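This report refers to the structure that appears directly beneath it.
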Amino acid sequence: MSDVMQGKVIAITGASRGMGKGFAKLLASEGAKIVALARPSDALDSLNAELGESILTVPCDISDAPAVTRAIDEGARHFGRLDVLINNAAGVCVTKVEEATDEVIQRQYATNLFGSIYATRAAIPHLRAAGGGDIVFMSSESVRMAFPLLTLYISSKSAIEGFAMGLRQELRAEGTRVTVLRSGAVDTGTISEGWTEEQTSYFMTEGLRSGCLAFSGQFASVESMAKALSGVLALPRDVNVDLIEPRARAPLPV
């Protein structure tokens, strides 16, 4: 077990499933205390039961600014401090732009962009009180390789990277590091959840034609991505990793 994480208090948005759940489990195993923000669900209850005293689960809609602030404050109050915020919560709206409804557009940005801004705003005073910490934003390899049907998702993640760039300059004198983890494809089992057969067919056809899927390669495991994140957080405090872009080593099978 790495002693670097021992006693650290880490807030994770979207913590009930996928990479968020993987982050929570690994970091807790390394001695961290976890503040898990996610919508109410059986999965969130299950994570709470699994990690016991190492976790505080706070049901929260990441697009609700007052609720996010209350959740971050509650976590810091419960464990006595806050050292790290991992902005992981995200949704993938699969659609062509001309077919996107107002509700779909608003939901995509509310979750992927505004939610991260709300959580960051709420966390900054607590990180400052702790003497500085880490803020991590989860992004996607699709920001530099436009995957089909993901234009709204891609633009929301590109905006997150721009936000992180400016925030880094605001906080660097306070000792808070800001990192973007631009993830490759990860085997979370949720990427195509809710897709229609037509959407799946279009995505695969266009992804292969454009080279996007070959660029991405095979799926990396959630556990490996969590270890990459843990490695960044464990770096000496005089080092800031602005951007890390891990993806599966293996190419797609021919």
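The values are calculated or read from the model by the stated rules, or taken from the named source; none is laboratory data. Note that this is a predicted model, so its numbers are computed, not measured. FYI the Cβ positions are ideal-geometry reconstructions off the backbone, even for glycines, and counts take in every protein chain you see. Remember, those area values only see protein heavy atoms, side chains included, never the ligands or the DNA or RNA. Shrake-Rupley method; radii C 1.70, N 1.55, O 1.52, S 1.80 Å.
I want the antiparallel fraction of DSSP beta bridges within the range 116-254, as a percent rounded to 5. Before the final figure, lay out the partial values.
Working: 0 of 10 bridges.
DSSP beta bridges in the range 116-254 are roughly 0 percent antiparallel.
Which ³J(HN,Hα) values, rounded to whole Hz and listed in residue order, are derived for the range 46-59 from phi using the Karplus coefficients 6.51, -1.76 and 1.60 in 6.51 cos²θ - 1.76 cosθ + 1.60 with θ = phi - 60°, glycine and proline given as x?
3J(HN,Hα) across the range 46-59, in whole Hz: 5, 5, 4, 5, 5, 9, x, 5, 7, 9, 10, 8, 10, x.
Considering every Cα-Cα pair within the range 1-140, what fraction, in whole percent, is farther apart than 23 Å?
Result: 31 percent of Cα pairs exceed 23 Å.
Between Leu56 and residues 5 or more places away or on another chain, which pairs have amide H atoms under 5 Å apart, with H built 1.01 Å from N, and which residues are they?
Placed amide hydrogens put Ile34, Val35, Ala36 under 5 Å from Leu56.
Sorting check: for 133-146, 68-81, which peptide has the highest mean count of neighbouring beta carbons within 10 Å, and how do the rest follow?
133-146, 68-81
For the chain, which whole-number percentage of the solvent-accessible area (1.4 Å probe, protein heavy atoms only) is attributable to carbon and sulfur atoms? Before the final figure, lay out each step's value.
On the way: 6320 of 12030 Å².
About 53 percent, which is the carbon plus sulfur part of the accessible surface.
What number of lysine-lysine pairs in the range 1-152 show an alpha-carbon separation below 29 angstrom, given a sequence spacing of 8 or more or placement on distinct chains?
Numbers: Lys8/Lys21; Lys8/Lys25; Lys8/Lys33; Lys21/Lys33; Lys25/Lys33.
Step by step, the pairs that qualify in the range 1-152 add up to 5.
Once the whole set of protein chains is in place, how much accessible area is left on Val104, using a 1.4 Å probe, in Å² to the nearest 10?
Its heavy atoms expose roughly 30 Å² to the probe.
To the nearest 10 square angstrom, what accessible area does Asp42 show with a 1.4 Å probe?
Number for this one is 130 Å².
Mind checking the per residue accessible area of the range 199-254 for me, 1.4 Å probe, whole number of Å²? If you can, show how the numbers build up before the last one.
On the way: 3360 Å² over 56 residues.
Using a 1.4 Å probe on heavy atoms only, each residue of the range 199-254 averages 60 Å².
Over the chain, with a Gaussian network built from C-alpha contacts below 10 Å, which listed residue (Lys33, Lys96, Lys25) shows the highest mean-square fluctuation?
Fluctuation is largest for Lys96.
Around Gly217, which amide H atoms from residues at least 5 apart in sequence, or from another chain, sit under 5 Å from its own amide H, with H modelled in the peptide plane?
Under 5 Å from the amide H of Gly217 lie the amide H atoms of Leu252, each far enough along the sequence or on another chain.
About its Cα centre, what dipole magnitude does the chain give when the only charges are +1 on Lys and Arg Cβ and -1 on Asp and Glu Cβ, stated in debye to the nearest 20?
Details: 24 positive and 29 negative charges, 142 e Å.
So the dipole magnitude of the chain works out to roughly 680 debye.
Using alpha carbon centroids, what distance separates the range 145-184 and the range 208-254, in Å?
Each part's Cα centre sits 15 Å from the other's.
Taking θ as phi - 60°, what are the ³J(HN,Hα) couplings along the range 107-114 by the Karplus curve (6.51, -1.76, 1.60), each to the nearest whole Hz, with x for Gly and Pro?
Rounded to whole hertz, the list is 5, 4, 6, 4, 7, 7, 10, 4.
Pick from Ala49, Ala185, Ala119: which is most flexible by mean-square fluctuation in a GNM of the chain where alpha carbon atoms under 10 Å apart are linked?
Greatest mean-square fluctuation among the candidates belongs to Ala49.
Per residue of the range 139-146, in order, report the coupling 6.51 cos²θ - 1.76 cosθ + 1.60 (Karplus, θ = phi - 60°) as ³J(HN,Hα) in whole Hz, putting x for Gly and Pro.
Per-residue couplings from phi come out as 10, 9, 4, 5, 5, 10, 8, 5 Hz.
List the residues whose amide H sits under 5 Å from the amide H of Asp134, counting only those 5 or more places along or on another chain, with H placed 1.01 Å from N in the peptide plane.
The list, which skips near neighbours in sequence, is Val84, Leu85, Arg177.
For the range 43-193, what is the accessible area per residue in Å², given a 1.4 Å probe and the full set of protein chains?
The answer is 43 Å² per residue.
All other residues with a Cβ under 14 Å from the Cβ of Ser156 taken together, and with Lys, Arg as +1 and Asp, Glu as -1, what is their net charge? Display every interim value, and only then the final one.
Details: positive: Arg107, Lys157, Arg182; negative: Glu161.
Net of charged neighbours comes to +2.
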